[in-house]
1. Can you tell which of 232, 241 is under 25 Å from the mean Cα position of the chain (by Cα) and in contact (Cβ under 8 Å) with a residue 40 or more places away in the chain?
2. Pull up the stretch 244-260, narrow it to residues that are within 26 Å of residue 185 (Cβ to Cβ) and without any contact (Cβ under 8 Å) to a residue 40 or more places away in the chain, then point me to the one that is surrounded by the most Cβ atoms within 10 Å (Cβ to Cβ).
3. Filter the stretch 261-280 for residues that are touching a helix residue (DSSP H, G or I) at 6+ places or on another chain (Cβ under 7 Å) and within 23 Å of residue 316 (Cβ to Cβ); which is surrounded by the most Cβ atoms within 10 Å (Cβ to Cβ)?
4. Does the stretch 370-377 include one or more residues that are free of Cβ contacts under 8 Å to residues at least 12 places away in the same chain, in a loop (DSSP other than H, G, I, E, B), surrounded by fewer than 17 Cβ atoms within 10 Å (Cβ to Cβ) and outside the structural domain of residue 52 (by TED's automatic domain parsing)?
5. Cβ contacts < 7 Å: first residue within 15 Å of residue 364 (Cβ to Cβ), restricted to the stretch 330-344; second residue modelled with pLDDT of 95 or more and assigned to a loop (DSSP other than H, G, I, E, B), any location; separation 6+ or different chain. Result?
6. In the stretch 36-148, which helices (runs of 4 or more DSSP H) lie fully inside it and hold 1 or more residues that are farther than 29 Å from residue 162 by Cβ?
7. Residues 120, 70, 139: which one is assigned by TED's automatic domain parsing to the domain that holds residue 25 and either closer than 19 Å to residue 233 by Cα or in contact with a helix residue (DSSP H, G or I) (Cβ under 7 Å, 6 or more places away or on another chain) (or both)?
8. Looking at the stretch 41-66, which of its residues are under 23 Å from residue 96 (Cα atoms) and buried (at least 16 other Cβ atoms within 10 Å of the Cβ)?
């Protein structure tokens, strides 16, 4: 027997999932029940975990408090399996009990985690706030610690810079499996940007090891593929992000990383009632190309999911999701930074910001994100963006426009609302 209201079930309360819950509450609170499941009881700014590792405090926001005010049900539980054919999810609550939760519309917002390859499982990560605090506690307990960070992506860079600024007596080594060089392709940096990052690392005393792929770790020593070794007091793996294995285990189509393959409206292939957003989804748009795992792509994808849900509830064709890259932010401690302006396809432009101006812009973007989630005040823009990126900013702004709504919504569940 059909329920009087359809249930929208959101798996994961990260940037994408929490933003989607707020949007769904705004647009569907009278016509649908909305449930969010997450294993944690609180939300914390993941893009600032390197600051936690350096001993800075970050606020934590209780899901129950956030969502109850939105009339969204919160279930603290670990999702154990997804049964898309039965439209059901199995989750284990904090008391150990298993429960089956059915749905009419499911949104996968399970995010990503660093998964250590064989031989490196003993390394710490920045997967959650608790691990970041463990890193800080260990740093405090060691005099002049030797810190090895394995992975020189954005997470590794920001962690290395933050720790080096906070602990100038520490010896920080950043192991890069490749070599940072100018790349005129998505995710790349311009020559000027790379020069600035390298100069910052040298100024902060960071030993940047290029072409150093870690293959084994034990007895406080990491072995690299070329046979060299590096001793450490503390080792942190900052690369190797992977989506939840629940997606592939559910029989949904995935790419080589395990991310859900989605249609242009963000629905999973073969399952129009199942959507995937954020790091766990393999999203590509005509205006941006493939989206990398990032907070920058998570919030707009949540808006895209709402547009699709509006269309589903109206029995209409869902619009195509669009996205445009505009810039990439790198923190270099609390008073320095790098802003790499990019094309809509994330290809670096010649324009960069550095120094305090970049640090203030990065902090502004982080605060904007918190404000977008309804957890803080909208900050004032510290600097006017370059004129040549305004078209990209305007294109992105359109992604945050309120989804259209018809005067009356009709669904297959047989109810209507004015």
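The values are calculated or read from the model by the stated rules, or taken from the named source; none is laboratory data. In this text, all values refer to a predicted model and were calculated from it rather than measured experimentally. So basically every Cβ, Gly included, is an ideal-geometry build from the backbone, and we count neighbours across all protein chains shown.
1. When all the criteria are applied, what remains is 241.
2. Ranking the qualifying residues of the stretch 244-260, first place goes to 259.
3. 277
4. Yes, some residue in the stretch 370-377 is free of Cβ contacts under 8 Å to residues at least 12 places away in the same chain, in a loop (DSSP other than H, G, I, E, B), surrounded by fewer than 17 Cβ atoms within 10 Å (Cβ to Cβ) and outside the structural domain of residue 52 (by TED's automatic domain parsing).
5. 338/332
6. Once the helices (runs of 4 or more DSSP H) in the stretch 36-148 are filtered for at least 1 residues that are farther than 29 Å from residue 162 by Cβ, what remains is 63-68.
7. Going through 120, 70, 139 in turn, just one is assigned by TED's automatic domain parsing to the domain that holds residue 25 and either closer than 19 Å to residue 233 by Cα or in contact with a helix residue (DSSP H, G or I) (Cβ under 7 Å, 6 or more places away or on another chain) (or both): 70.
8. Within the stretch 41-66, 42, 43, 63 meet the criteria.
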